[in-house]
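See structure below.
The values are calculated or read from the model by the stated rules, or taken from the named source; none is laboratory data. Because the structure is predicted, anything quoted here is derived from the model rather than measured. Cβ coordinates were reconstructed from backbone atoms using ideal geometry, including for glycine residues, and neighbour counts include every protein chain displayed. These area figures cover heavy atoms from the full protein model, side chains too; ligands, DNA and RNA do not enter into them. Shrake-Rupley method; radii C 1.70, N 1.55, O 1.52, S 1.80 Å.
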There are 2 protein chains.
Amino acid sequence: MDEALRAVADPTRRAILVLVRDREVSAGDIARHFSDISRPAVSQHLRILVAAGLLDLRRAGNRRFYRLRPEGLAEAVTFLETMWSASLGRLKDAAERQERAHTGEDDMRGS
Amino acid sequence: MDEALRAVADPTRRAILVLVRDREVSAGDIARHFSDISRPAVSQHLRILVAAGLLDLRRAGNRRFYRLRPEGLAEAVTFLETMWSASLGRLKDAAERQERAHTGEDDMRGS
DNA sequence: AAAGTGTGTAAGATGTTGCTTAAATACTTA
DNA sequence: TAAGTATTTAAGCAACATCTTACACACTTT
């Protein structure tokens, strides 16, 4: 998870993920989308993403095709969702508190 | 989102988030959980988390109480889930391909 | 008001990241 | 096999992140 979250923390790498989400894209085509940084820079980002398990690589002749590997995000998604779900808990608590504040009203739900 | 994901990329900060997920915790109590790093280091992490919108701060007398602010994770969670959902798409595609491979079988589902 | 707690800020050392240019590798085509 | 195309690796550098120690601030208690 650590590696995946570190990888995803960089905006260029997030842009790459979006680019290869639905289809394979060659290293060159990916690099062409980033006019501001050099091809080697993109290549380094790709290496990091592959190492983090976030990208699948297929070598075909001259070229290398990258594609999102969503399973690599599993742990990161789980972690963030677990944290995120705390908001539901808080809303629920607030609702219960408010409900209890209505004096004399019975709570229909069990527990 | 960028700030939130960068904040979450650090393991110490993730540990802090877990610590304050369900309850308020004072800066000192948080720091006590990290025997390996100094109190000021923890304080700096707290500042980063607050700046990223991931922590709520309540000052009470001498102490400062921190608590998870799940809304701060909204964009990050959405992004990761969007990426993550690509796996569902892929499984669906694979299933359809396989189905089509069964010669002469009709596809019952529309589209 | 002085001393005691709890906490944050400043300054600086150290390690890490992300970029660039130059060179190397891998495969393809003439 | 020589030249061409696609891509990565190497080396070096500037910027940034994280830690530490020393200090400052804000409240509380005596």
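Structure summary
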{"quantity": "Zone of A:Arg21's modelled label, taken as backbone nitrogen in region B:54-84 under 19 Å from a point 7 Å along Cα→Cβ", "calculated": "B:73-84"}
{"quantity": "Average partner coverage of A:7-20, which counts Cβ from other chains inside 10 Å", "calculated": "3"}
{"quantity": "Heavy-atom accessible surface that A and B bury in contact, both chains counted, 1.4 Å, Å² to 100", "calculated": "2800"}
{"quantity": "Prolate/oblate/rounded call for region B:2-72, Cα gyration tensor, a/c under 1.5 rounded", "calculated": "oblate"}
{"quantity": "Amide hydrogen neighbours beyond the local backbone of A:Ser26, cut-off 5 Å, H modeled", "calculated": "A:Tyr66"}
